[in-house]
1. Hey, with R₀ at 45 Å, roughly what FRET efficiency would B:A196 and A:E98 work out to, going by the Cβ-Cβ distance, to 0.05?
2. Given R₀ = 41 Å, what would the calculated FRET efficiency be for B:S159 paired with A:E141, taking r from the Cβ atoms and rounding to 0.05?
3. Given labels modelled 7 Å from the Cα in the Cβ direction, how far is it in nm from B:V208 to A:N15?
4. Return the average number of partner chain Cβ atoms within 10 angstrom of each residue Cβ along peptide B:57-67.
5. Please give, to one decimal in nm, the separation of the simple spin-label points placed at B:S94 and A:K133, each 7 Å out from Cα toward the Cβ.
6. With a ≥ b ≥ c taken as the square roots of the eigenvalues of the C-alpha gyration tensor of chain A, please select rounded if a/c is under 1.5 and otherwise prolate if a/b is larger than b/c or oblate if it is not?
7. Could you sort out which of A:K131/B:K5; B:K117/B:K153; A:K53/B:K31; A:K18/A:K133; A:K53/A:K133 sit more than 25 Å apart by Cα distance in this structure?
8. Roughly how many Å is it from the Cα centre of segment A:204-223 to that of segment B:20-90, as a whole number?
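The values are calculated or read from the model by the stated rules, or taken from the named source; none is laboratory data. The structure presented is a predicted model; accordingly, all values stated were derived computationally and were not measured. All Cβ positions, even for glycine, are placed from backbone atoms using ideal geometry, and neighbour counts span all protein chains on display. In case anyone asks, the SASA skips ligands and DNA or RNA and just uses the protein heavy atoms, side chains included. Shrake-Rupley method; radii C 1.70, N 1.55, O 1.52, S 1.80 Å.
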Amino acid sequence: MNLPNKTCPIGDAINRIKDGDTIMVGGFGVPGTPMTLILALVAHGARNLTLIKNDANEPSMGIDHLLQSGQVSCLITTHLGLNSHAIGLMNAGQLEVEFNPQGILAERIRAGGAGIGGVLSDIGIGTELAKGKQVVEMAGESYLVEPALHADVALIHADRADAYGNLAYVGTAQNFNPLMAMAADCVIVEAERVLPLGGLAPNDVHTAGVFVDHVTELSELSEEYAVVRR
Amino acid sequence: MSDAKDRMVARAAREITPGMVVNLGIGLPTKVVNHLAADFPVCLHTENGLTGVGPILPPEQADRNLIDAGGAYVSTVPGSAFFDSATSFAIVRSGRLDLTMLGAFEVSAMGDLANWKIPGKFSPGAGGGIELAQKARRVVVLTTHTDRAGNPKLKQTCSLPLTARGCVSRIFTDMAVIDLTAEGFVLLETAEGVSATDVAEATGAPLVLPDTPPPTF
C-alpha cells in the first residue's frame with residue numbers, strides 16, 4: 001500500500017484556478033509567502049479574485065503583483081502598512097478591502113478548516129470594527145459572530161514536503177500557512193524541498209498531507225524570498 | 001532619537017519585571033529591548049509566531065525566515081518557540097501576555113486607546129493591535145506627549161476611532177509618566193527639566209498632581 005503521489009508541474013496546479021475564485025495566500029511579510037505560486041497565478045491570468053492574506057507584502061513583491069495586474073477585486077486582510085500601492089488602490093476605490101483583527105482572521109480561517117460555521121469573540125466590541133456584525137449573548141457576555149472563511153484555493157509555502165503533501169515549515173514562515181492549508185477546496189503547495197515518501201518523519205509533520213492536493217518543488221528561490229534590504 | 005525620548009524608553013523598560021511574557025508594539029516600544037540587560041529573565045512574544053524573540057541581527061546575519069511582526073530580522077534565544085498565527089493570538093486573548101507596550105495617536109482620560117486609524121489620512125488596518133490592546137493583562141503606552149503640531153495626545157475623550165476601550169493603565173511620554181485611574185490622568189513622574197505645570201499644560205484633560213514634587217526620570 002502506497003500513499004498517492006501529489007507532485008505535479010506548477011502550471012497544472014495553478015490551472016485549477018478560475019475567474020472569481022477566493023484564494024487564500026500564506027505568509028506574513030516575506031516568510032511563508034508563496035512567491036512562485038503567486039507569479040504563476042499572474043501568468044495564468046484569472047481575474048476578479050478575492051484574496052485572503054494577512055498583509056499585502058511590499059510594492060512589487062508577493063501579492064502586490066496580483067494587485068498591479070488588476071486580477072484582485074477584494075482583499076480580506078489585517079494590515080497594509082508596508083504596501084503604499086495597495087493603500088493607494090484602496091483609497092481610489094479600485095480595491096475593496098475588509099480588515100480583520102489579525103487573530104480573528106486566523107480563527108475564521110481555522111473555523112473554515114475545521115468545518116464549523118464560525119467563532120464567537122469579543123475582540124473589537126465597542127469599536128467601529130464591530131459595525132454590522134451579529135451580536136449574541138452567552139452566559140451574560142456579548143460576543144460578535146465571526147463567520148468561518150473558506151476558499152476555493154489555498155497557496156501555501158512550506159520548507160519541506162513529501163510526495164503525499166505532508167508539510168513542515170521553518171521559523172516565522174509558519175504563520176497562516178498551516179491554517180490556510182486546511183481551509184480550501186484545493187490546496188496547492190510550493191516547497192523548497194520535496195522528499196520521497198518516508199523522507200519526512202511522521203513526528204516532524206506540521207500539516208498532514210491529507211489536506212493537500214498538489215505539491216510542486218521550487219527549482220530555485222528568486223530574489224523575492226531573500227532578506228529585504230530597506 | 002532625542003535624549004528625552006531615549007530616557008522615556010529607558011524608563012518604560014523598568015516596567016518589565018522578571019518572568020513576564022511581553023509584546024512590544026512597532027515603533028518606540030520595540031526600542032525598549034535595548035534597555036534590558038542581556039541576562040534579564042523575560043519572554044518576548046511577537047504576533048507572527050515566536051516566543052523568545054532575540055536581538056535584531058545585522059543584514060548580513062539575517063535569516064530570511066525569521067522576522068518580528070514589524071518586519072525586523074530578529075533572532076531566537078535558547079528556549080524560543082515557533083507557532084502558527086492562531087496559536088500566537090491564543091496566547092494574547094487567553095491572558096498569557098503579562099504586558100504589552102503600544103504606541104498611540106490618542107489616549108483618553110478613561111484609558112481608551114486610539115492608535116490604528118486617522119480617517120482620510122491613515123488607515124492601513126490594525127493588524128494585531130486590537131487584540132493586544134484589549135487582551136494583554138496590562139497595557140502601557142509609549143508616545144510623545146503632543147503631536148507634531150503641539151496638540152495634546154492625552155485627551156478627555158478620543159476623537160479618532162478606538163482600538164480598545166479603557167485598556168490603558170500607564171503612559172510613558174517624553175515629558176512624564178502618567179497613570180490612568182478612576183480620577184483620570186494622574187502624574188507620577190516628570191522628565192528631567194520638565195515641571196508638573198508644563199505637563200498639565202500639555203495635557204488635554206485634567207491632570208491630578210502629586211502633593212509633593214514628583215520624582216524625575
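1. It comes to 0.45.
2. Values: r = 29 Å, r/R0 = 0.70.
Computed FRET efficiency for B:S159 and A:E141: 0.90.
3. Output for this residue pair reads 7.2 nm.
4. Rounded to a whole number, the mean comes out at 5.
5. Distance between label points: 2.0 nm.
6. On the way: a/c = 1.88, a/b = 1.29, b/c = 1.46.
The shape class here is oblate.
7. A:K131/B:K5; A:K53/B:K31; A:K18/A:K133
8. 26 Å
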